[in-house]
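Single-structure report; data block below.
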Amino acid sequence: MEYPEKRKRGRPKQIKPVGENLVHVGAYITVEEKAQLDARGISITDLVRRAVRVELGRPADEVREEEIEAELQKVRIREAELELEKKKIQEERERRKKLETETMIMEKFPLMALHLMAEETRRNTPNRTQLPEEPDLYARRYGISLDILKFNSDFSGYMYDIFNGDIEKVAKDLKVRLVDASPERYQRIREMAEKEVSK
C-alpha cells in the first residue's frame, strides 16, 4: 500500500507539475535517515526523483549486467547451501558406515579371539590334549571367557571345528563371550576381525 508523503506544518505543498502524467510513490526509511535528510534540506520527493533520473539515465546493458550479477549471486549462495547440505549427508553416511563396520568387528572379536587362542595353543604346545583351567589367563590374554571344562571334554573335536569353519557353532556351544575389550592380544585379534569383516 502506498502512503502519500505527509507535509510538515508550514511547509509549502508540493505542486503537481502541469502537463505531466505523474504517479505517487513512497518508501519507508528509518527515523534517523529522515532526520539527516531534513537537516540537509532534502525532501523525499526530490531524492526519489533524482534517484529515478540517475537510474533511467544509465545504459540498458549496464542495468541488465547488474541484474544478472544479482541473479548469479543468488545462484552462488544457493550452490553454497547445497554443497554444505551435500557435505553433511556424506559425513553422516561415512559416520554411519564406520559405526556399522565397528559393530561388525566387535561381533567378530570373540570368534577371532577363540581362533587365536586355538592357533597359539596348537603352535606352542602341539601335543596338548587339554586347556589349562585358568579363566583369568584367557580373559587377560584374549579378552574372552569360555567353558573350559566342556572344551576339554572334547578337545580334539573342538579344535578341529575351530579350524574347519564351524567356529561360530563352537563359540555358541562353549558360551564364548567378551569380558575384556583391551586384552594383551588386542591388536592381533582386531586385525583378524577386520580381515574377516572385509571379506
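The values are calculated or read from the model by the stated rules, or taken from the named source; none is laboratory data. Just so we're clear, the structure is a prediction, and the values are computed from it rather than from any experiment. FYI the Cβ positions are ideal-geometry reconstructions off the backbone, even for glycines, and counts take in every protein chain you see. Ligands, DNA and RNA are stripped out before the accessible areas are found, and what is left, the full protein with its side chains, is counted by its heavy atoms. Shrake-Rupley method; radii C 1.70, N 1.55, O 1.52, S 1.80 Å.
Out of all the residues in segment 123-138, which are under 11 Å from Phe155 (Cα atoms) and surrounded by 11 or more Cβ atoms within 10 Å (Cβ to Cβ)? If the condition is that a residue be under 11 Å from Phe155 (Cα atoms) and surrounded by 11 or more Cβ atoms within 10 Å (Cβ to Cβ), then Arg128, Gln130, Leu131 are the ones that fit. Scanning segment 147-159 for residues being within 46 Å of the chain's Cα centre (by Cα) and part of a helix (DSSP H, G or I) gives a total of 3. Among the residues examined, Val176 does not qualify as open to solvent by 30 Å² or more (accessible area, probe 1.4 Å) and closer than 25 Å to Glu102 by Cα.
Of all residues in segment 33-43 being out of contact with any helix residue (DSSP H, G or I) (no Cβ under 8 Å at 6 or more places or on another chain) and assigned to a loop (DSSP other than H, G, I, E, B), which is surrounded by the most Cβ atoms within 10 Å (Cβ to Cβ)? Only one residue fits best here, namely Ile42. In the condition set (1) of a type in the set (Ser, Thr, Tyr); (2) closer than 30 Å to Ser198 by Cα; (3) at pLDDT below 90, Thr101 is compliant with all but (3).
Taking segment 8-32 only, how many residues are at pLDDT 60 or above and loosely packed, with under 10 Cβ neighbours inside 10 Å? Selection size over segment 8-32: 9.
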